[in-house]
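Asks: Let me give you the structure first, and then I'll get to my questions.
The values are calculated or read from the model by the stated rules, or taken from the named source; none is laboratory data. Computed from a predicted model, the values in this text were never measured in an experiment. Note that each Cβ is placed from the backbone with ideal geometry, even for glycine, and that neighbours are counted across all protein chains shown. Heavy atoms of the whole protein, side chains included, go into the accessibility calculation; ligands, DNA and RNA do not. Shrake-Rupley method; radii C 1.70, N 1.55, O 1.52, S 1.80 Å.
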Amino acid sequence: MEKKYEQVKVDTKAVWAGEQDYLVHGATQVPVIPSVAFGYDDMDEWYDVAIGKKKGHIYGRNTNPTVQAFEDKLKILEGAKAATSFSTGMAAISNTLYTFLTPGDRIVSIKDTYGGTNKIFTEFLPRMGVEVALCETGNHEEIEKVVKQGCKVLYLETPTNPTVKITDIEAMAKVGKEVGALVIVDNTFATPINQNPLELGVDLVIHSATKFLGGHADALGGVVCGNDSELVEAIYHYREINGATMDPWAAYLILRGMKTLHLRVERQQENAMKLAKYLQTEEMVDAVFYPGLETHPGYDIAKKQMRGFGGMLSFAVKDGVDTVRELLPKLEFAHRAANLGAVETTVGPARTTSHVECTPEERAAMGIPEGLIRISCGIENIEDIIADFKQAFAGLRTTVNS
Ligand SMILES: *Cc1c(COP(=O)(O)O)cnc(C)c1O
């Protein structure tokens, strides 16, 4: 029976979508198929599959059934027509950019993109003769002005890492389309539960599946999806040749994680809001960054384009790195690690995690204080998490005063 995914809500999609074509032998769960190659007795059928005339699988670097089930689920959650996956989020980003950019092209983006993405902009694209213009994140007038000077690609990320700045996707996509640019959004922080950039006029949406999609910090992956199948096909072709393919075991873990995506994100953002409000009351905290706070500069736009404010927040502490060094080891229920989007609360200084590739000067230019701590809220009971932060801050006062 063909299931009608357009008619059901996102929570139902997260659980059911994209799986039915891959269930074999009456299994209720998608199997992991680690086979590198797929065999054919009929030489004509093999040929037809190989040239793409008939559906099927040839070789694991190109396609794999378990990986395709993941792509199908993501595609349905983002309301896209096509999706292709990658070994990591960075592979998704780099392969997408390298598919479309050639020497002499110009790309416009923002200063606060993910650290690895920023490195592509500052190190690798200039080296291949692509002009990169990075605008102040959240400065829509500047983005509009710079885009109107002409560009092949407009690349956005919202909310951003680590100060959760917000860009108006619909308005900027419109500006990008006016100059014929390909508009790409990294939707990792928002997840398809909170934000669907394709509905707002964007061409391609990227995720690091390593983060919220997988949700358990045990598998790496990335994905690109869009409504123009030819664009996605071009990226797929670049990836199948350059080889940054998603592993079927990772696909299985991420697929399993995605069945609870909506539940995890709902809890994570509920926790994030409560934690943000509590942190505002701590005397050692200079500033709290969370788009769900009405004082956040991106609050109105976030409210317009997101269904929830997400599980990511950050805060700046007084006395910078010294406080960070004292505070974080005192937390009992938080991993001190570079990851985000997992079921456990995870903390880290921006200088060590998202923006470790940058120099202190570069971080300062991006408005990232050295005492900035990023929090990825987990699904724990928020009372325990707040109590944990309280005891850590209290311990800090003892240490500082003695
Ligand atoms: C982690 C992350 C990436 C990179 O993903 P990997 O799977 O680590 O390669 C890209 N964009 C954002 C917003 C991220 O948080």
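Yes/no matrix, rows are residues, columns are (1) in contact with a Lys or Arg (Cβ under 6 Å, 6 or more places away or on another chain); (2) charged (D, E, K, R); (3) outside the structural domain of Ala272 (by TED's automatic domain parsing); (4) open to solvent by 10 Å² or more (accessible area, probe 1.4 Å):
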{"residue": "Tyr98", "(1), (2), (3), (4)": "no, no, yes, yes"}
{"residue": "Ser109", "(1), (2), (3), (4)": "no, no, yes, no"}
{"residue": "Gly138", "(1), (2), (3), (4)": "yes, no, yes, yes"}
{"residue": "Lys174", "(1), (2), (3), (4)": "no, yes, yes, yes"}
{"residue": "Glu178", "(1), (2), (3), (4)": "no, yes, yes, yes"}
{"residue": "Val183", "(1), (2), (3), (4)": "no, no, yes, no"}
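Asks: Any idea which of Lys9, Lys13, Lys53 is in the same structural domain as Lys211 (by TED's automatic domain parsing), touching a residue at least 40 places away in the same chain (Cβ under 8 Å) and basic (Lys, Arg)?
Replies: Lys13
Asks: For Ala365, indicate whether it is touching a residue at least 40 places away in the same chain (Cβ under 8 Å) and under 19 Å from the mean Cα position of the chain (by Cα).
Replies: In short, no.
Asks: Among Lys75, Lys165, Lys145, which is away from the ligand (no atom under 16 Å from the Cβ) and either closer than 30 Å to Arg256 by Cβ or crowded, with 24+ Cβ neighbours inside 10 Å (or both)? Write out each step before concluding.
Replies: Numbers: Lys165 fails: away from the ligand (no atom under 16 Å from the Cβ); Lys145 fails: either closer than 30 Å to Arg256 by Cβ or crowded, with 24+ Cβ neighbours inside 10 Å (or both).
None of the others qualify; the one that does is Lys75.
Asks: Which residue pairs have Cβ atoms under 8 Å apart, sit 6 or more places apart or on different chains, and have a first residue in region 253-282 that is over 16 Å from Gly214 (Cβ atoms) and a second that is open to solvent by 10 Å² or more (accessible area, probe 1.4 Å) and among the aromatic types (Phe, Trp, Tyr)?
Replies: Correct list of pairs: Gln269/Phe309; Ala272/Phe309; Met273/Phe309.
Asks: Considering only region 200-240, state which residues are among the basic types (Lys, Arg) and in a loop (DSSP other than H, G, I, E, B).
Replies: Taking region 200-240 and keeping what is among the basic types (Lys, Arg), we get 211, 239.
Residue satisfying the conditions is Lys211 alone.
Asks: May I pose another question? Here is a list: Gly348, Gly341, Gly395, Gly378. Which entry is assigned to a strand (DSSP E or B) and not basic (Lys, Arg)?
Replies: Gly348
Asks: Taking interchain pairs and intrachain pairs at least six residues apart, which have beta carbon atoms under 8 angstrom, with the first residue in region 340-357 and farther than 21 Å from Leu275 by Cα and the second within 12 Å of the ligand (Cβ to nearest atom) and of a type in the set (A, V, I, L, M)?
Replies: Short answer, once both residue conditions are applied: Thr352/Ala338; Val356/Ala338.
Asks: Considering (1) buried (at least 22 other Cβ atoms within 10 Å of the Cβ); (2) at pLDDT below 95, say which one Asn64 fails and leave the rest.
Replies: Condition (2) is where Asn64 drops out.
Asks: Can you pull out the residues in region 206-254 that are over 18 Å from His57 (Cβ atoms) and either in the same structural domain as Cys377 (by TED's automatic domain parsing) or among the aromatic types (Phe, Trp, Tyr) (or both)?
Replies: Across region 206-254, the qualifying residues are Phe212, Tyr238.
Asks: To continue, here is another question. What about Val347, is it open to solvent by 20 Å² or more (accessible area, probe 1.4 Å), modelled with pLDDT of 95 or more and under 24 Å from the mean Cα position of the chain (by Cα)? Please lay out each step first, then the result.
Replies: Values: open to solvent by 20 Å² or more (accessible area, probe 1.4 Å): no; modelled with pLDDT of 95 or more: yes; under 24 Å from the mean Cα position of the chain (by Cα): yes.
Against the criterion (open to solvent by 20 Å² or more (accessible area, probe 1.4 Å), modelled with pLDDT of 95 or more and under 24 Å from the mean Cα position of the chain (by Cα)), Val347 does not qualify.
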